[in-house]
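A short write-up of the structure that comes next.
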Amino acid sequence: MEMLEQIAEKIREQFDAKTAARDQALSQARSLTRCCSQAIRAVHRDDEEGMRVQLGEADQLASALKNAVANFPDLYFAGYTQDALKEYVEANATCALIKGAELPEPSALGVETNTYLNGLAEVIGELRRRCLDILRNGYSTEAERLLTQMDDIYAILVTMDYPDAITNGLRRQTDIARSIIEKTRGDITFSIRGEHLEKALSTLSNQLTGSEGRSGPTLSRAYERQQDED
């Protein structure tokens with residue numbers, strides 16, 4: 001039984017180390033999620049300096065999170081860890097696409113491929129938000145560019161026809177992405193038609209104004225001639 005006590009003590013040491021790593025990972029995951037959210041908020045506000053600061057901090061937090069659970073694979077693949085890293089992918093990809101930069105690769109971010117794809121699926125919602133912000137000031141080719149990027153992401157996501165156990169629920173995220181894209185396409189189409197209608201009305205108004213301007217003097221001269229004859 002003395003051997004049993006020694007075994008139990010070793011198990012307690014392992015559990016203590018794992019519990020400490022878990023608590024640290026939870027705290028870092030929350031901080032990483034918050035930092036990524038702030039980076040996305042900054043890019044929507046065109047605050048490039050704030051975006052860079054938040055992304056830099058997110059890089060450090062993501063590395064610290066992965067290091068904290070490096071010896072515990074089950075903690076690394078736990079929902080809270082992968083969800084935080086998914087937010088990390090979303091923030092980096094969103095900022096890159098809005099700023100017209102190259103899309104970061106999974107290896108550059110140090111994330112699993114299924115986490116990367118789920119992060120990309122979330123990016124589509126942020127690009128829609130950007131499109132709507134643009135359309136408030138009227139139609140712009142920038143909205144068309146973002147819509148094309150949304151289509152490109154979806155075109156890749158829809159080809160990942162694998163079980164959810166492999167992709168971590170990517171199929172559902174892909175369905176949501178398709179709905180978001182169609183709504184955005186409708187909004188942009190409506191904006192284009194509205195702009196065309198506005199231009200047509202403006203052209204018609206100018207034509208009518210010009211016509212009235214030309215007819216006015218003609219009638220006036222005819223009246224003057226009539227007065228001279230009388």
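The values are calculated or read from the model by the stated rules, or taken from the named source; none is laboratory data. Predicted, not measured: the structure shown is a model, and the values here were computed from it. Positions of Cβ are generated from backbone atoms using ideal geometry, with glycine treated the same way; all protein chains shown enter the neighbour counts.
A few remarks follow.
- The sole residue among Gln54, Gln14, Gln24 that is assigned by TED's automatic domain parsing to the domain that holds Leu117, over 25 Å from Asp151 (Cα atoms), modelled with pLDDT of 95 or more and not small (Gly, Ala, Ser) is Gln54.
- Against the numbered list (1) part of a helix (DSSP H, G or I); (2) out of contact with any Lys or Arg (no Cβ under 7 Å at 6 or more places or on another chain); (3) buried (at least 21 other Cβ atoms within 10 Å of the Cβ), Arg172 comes up short only at (3).
- Single condition Ala108 does not satisfy, out of (1) farther than 25 Å from Asp152 by Cα; (2) out of contact with any Ser or Thr (no Cβ under 9 Å at 6 or more places or on another chain): (1)
- Hey, Leu117 outside the structural domain of Val43 (by TED's automatic domain parsing), in a helix (DSSP H, G or I), out of contact with any Phe, Trp or Tyr (no Cβ under 6 Å at 6 or more places or on another chain) and surrounded by 16 or more Cβ atoms within 10 Å (Cβ to Cβ) or not: no
- Index of the failed condition, Glu102 passing every other in (1) free of Cβ contacts under 8 Å to residues at least 40 places away in the same chain; (2) closer than 17 Å to Asn168 by Cβ: (2)
- Count of the range 137-154 residues which are assigned to a helix (DSSP H, G or I), touching a residue at least 24 places away in the same chain (Cβ under 8 Å) and among the hydroxyl-bearing types (Ser, Thr, Tyr): 1
- Of the candidates Ile156, Ile98, Ile134, the single residue that is out of contact with any His (no Cβ under 7 Å at 6 or more places or on another chain), modelled with pLDDT under 95 and farther than 18 Å from Ala62 by Cβ is Ile134.
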